[in-house]
Amino acid sequence: HAVYGVEKWGKDLIVVTGDGEIGLRNPARPDAPAVSLPEILRDLEQRGIRAPMLLRISSYLENEIAHINNSFAEAIARSGYKGVYRGVFPIKVNQQAQVIDRIVEFGHRYNYGLEAGSKPELVIALAHKLAPEALIVCNGVKDAEFIRLAILSRKLGFNTVIVLESPKEAETVIEVYKELGIEPLLGVRVKLTNQISGKWEESSGDRSSFGMNTDQLVRVVDKLRDAGLIHCLKLQHSHLGSQVPDVNDVRRAVGEACRYFTELNAEGVPLSHLDLGGGMGVDYTGEKRATENSINYTVEEYCANVVETVAYAMDEAGVDHPTIVTESGRAVVATSSMLVFNVLESTLYDAPTAPGVEPDDHHLVADLAAVDGYLTPARLQECWNDATFYRNELRALFRRGYVGLRQMARAERIYLSLMARIKTMVAEVEAETDLDVQMEKIADIYHCNFSLFQSLPDVWAIDQLHPIVPLQMLNREPDRRAVLSDITCDSDGKVDRFILADGVSPSLPVHSLPEDEDYYLGVFFVGAYQETLGDLHNLFGDTNVVTIDLRADGGFDLLHEQEGDTISEVLSYVEYDPADCVAAFRKLVDGAISNGGLKASERKLIIGAYRDSINGYTYYE
Ligand code: PLP
């Protein structure tokens, strides 16, 4: 199993057990044995809960919240920083009730708050009992209704901060203040000019969509002063970006944010909170390097760098140390969810034996078969090129009618038998060849029971890498290489980049599918952004979602189950009334009985089949 690099990316949460199965460890209980993930699936299956499913590990969420809050607290204590840390969780990163409820519960002792980027998210935030000092930070475009609700919520004791995104928003706030006569708690969103490298480079710097430039900032300060509200401006917000790969970019951006803070202070703005937005990354690949899917820092280093940079800038300007706020989302939730699905079948891209060449076969069939005679590790690439050329020429002849069906089938099988030998040799050749790189062209296709568009949208949209690994048989040598194809009818629905111990590979080492049991794969660290960004392509709906807690004795507790969408539910999302569908189908059936196409005795069976489908799971059962 060393090939999968679980030790590298698993963060000690995901491990391989002595039985060759993926195990889940709870770092908060280092002495507890790892809980076998296939064992969890077997148990859930007995309870009637089947894959594909999203498994949320509550303990991982709790640990991550503790990790970030404790790391800031330690950095603050170690450096003698005079302010405190008050994190907020950005609801958009995972809005699911089971996740937000637990974040609020686990975060209570840290005065952990919520960030709302829209009216619906503010409505979610206000449905929770937060700790007395926790913040609700409101970002995004806000109309008067949004602002009114934010201001009124202060009457209930919520520390709801309206972060002004533009001078126009400041005018709306002033109007609502005059209407209600209640003072708002305000912030200003400042656009930093520093660009931050990585996948989200465009969301930072001059051209980013959100926040104000210096000119707009000054106008807002003047407007608030004129309206007698400058004393309400307590927070400066400067979003650093997302999945920031290089910690030195964090330092540079925080330094710039501090310049605005100290300048505003010099203008007499009584700021007390510095909000640095999101950006703390997740090391998806385990490389520990500043690459798109990895980061070159730990949570502790991130916190220490932020605290140190803010302290230095404030001390230099003689400004009191502010409360530090961050809105880390990805780093809080990504590791806590995993997607698990079964492989339905495989299209093998090789064949164990080659048929003989028939006397009447085209000479290209003989040329193809002859490649076997000079196939050696040294001539691997040449043999692959030749075999592919002859096979393609034969396909062209087939299309024009010069080669028949049986002859073409023979040629395809000879080709596949050559591929079988080439694959074995590629695996044995030490030096990297072009074939290594082209492996996906000769890899098997494993057809899997999930929708990429519903469950892993970032893999499709932005080439996000997540660790993917078989959950069982890991004490056996994987004997095949595969790319994964999902259950949608879209050729884009495939995964062909995998994190392995020695880097990113176009195919995943897998085992021949066992005949008498399911073969499961797990996709890890999918807790951030994937659930709501997913869509209904081909009408595959939400998967089953199960939340569990890892026990100290190596068992687990089932905390919550959310059944996946039924077909009836997804139909209603696209404007169908399922009852109307059943009625329309029944009418067609009765019509067929009237005109003699169907026997009356078949009515029950056919309508029953329709009803069973409409009430069932959208995935393969
Ligand atoms: N805060 C704001 C304003 C954001 O736009 C985002 C996401 O881009 C976040 C917080 C969360 O960022 P991350 O998930 O990288 O921590």
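A few points about this structure:
- The residues of region 167-213 that are of a type in the set (S, T, N, Q) and modelled with pLDDT of 95 or more amount to a single one, THR172.
- Subset of region 8-20 [surrounded by 15 or more Cβ atoms within 10 Å (Cβ to Cβ) and under 21 Å from the mean Cα position of the chain (by Cα)]: LYS8, TRP9, GLY10, LYS11, LEU13, ILE14, VAL15
- Matching residues in region 524-562 - criterion: being part of a loop (DSSP other than H, G, I, E, B), within 22 Å of VAL282 (Cα to Cα) and more than 16 Å from the ligand (Cβ to nearest atom): GLY534
- Residues within region 72-102 that are within 14 Å of the ligand (Cβ to nearest atom) and free of Cβ contacts under 8 Å to residues at least 40 places away in the same chain, tallied: 1
- Against the conditions (1) crowded, with 23+ Cβ neighbours inside 10 Å; (2) within 22 Å of SER328 (Cα to Cα); (3) not charged (D, E, K, R), ALA170 satisfies every one except (2).
- Exclusive hit being of a type in the set (A, V, I, L, M) and in contact with a Pro (Cβ under 9 Å, 6 or more places away or on another chain), set ALA77, ALA73, ALA116: ALA116
- The set of residues in region 427-440 being closer than 15 Å to LEU508 by Cβ and modelled with pLDDT of 65 or more consists of ALA427, MET439, GLU440.
- For ASN69, the stated conditions hold: it is under 24 Å from LEU135 (Cβ atoms), within 16 Å of the ligand (Cβ to nearest atom) and surrounded by fewer than 22 Cβ atoms within 10 Å (Cβ to Cβ).
- Screening GLY198 on (1) of a type outside the set (Ser, Thr, Tyr); (2) away from the ligand (no atom under 13 Å from the Cβ); (3) outside any strand (DSSP E or B); (4) under 22 Å from GLY117 (Cβ atoms) shows it passes everything except condition (2).
- Scanning region 134-152 for residues that are touching a strand residue (DSSP E or B) at 6+ places or on another chain (Cβ under 7 Å) and either of a type in the set (Val, Ile, Thr) or closer than 23 Å to ILE65 by Cβ (or both) gives ALA134, LEU135, ILE136, VAL137, CYS138, ASN139, ILE147.
- Qualifying residues in region 454-468 (those that are part of a loop (DSSP other than H, G, I, E, B) and not polar (S, T, N, Q)) - the one surrounded by the fewest Cβ atoms within 10 Å (Cβ to Cβ): ASP463
- The one condition in (1) within 27 Å of GLU105 (Cα to Cα); (2) touching a residue at least 60 places away in the same chain (Cβ under 8 Å) that LEU126 fails to fulfil: (2)
- Filtering region 236-283 to residues that are over 19 Å from PHE72 (Cα atoms) and hydrophobic (A, V, I, L, M, F, W, C) leaves PHE261, LEU264, ALA266, VAL269, LEU271.
- Candidates in region 103-119 are the residues that are within 16 Å of the ligand (Cβ to nearest atom) and out of contact with any helix residue (DSSP H, G or I) (no Cβ under 6 Å at 6 or more places or on another chain); of these, the one that is farthest from VAL332 (Cα to Cα) is SER118.
- Selection from region 74-106 of residues that are surrounded by 16 or more Cβ atoms within 10 Å (Cβ to Cβ) and closer than 15 Å to GLU308 by Cβ: ALA75, ILE76, TYR81, GLY83, TYR85
- Filtered residues of region 228-243 (kept if at pLDDT 95 or above, among the aliphatic types (A, V, I, L, M) and either within 16 Å of the ligand (Cβ to nearest atom) or not in a helix (DSSP H, G or I) (or both)): LEU229, LEU233, LEU235
The values are calculated or read from the model by the stated rules, or taken from the named source; none is laboratory data. The structure presented is a predicted model; accordingly, all values stated were derived computationally and were not measured. Cβ atoms come from the backbone with ideal geometry, glycine included; neighbour counts cover every protein chain shown.
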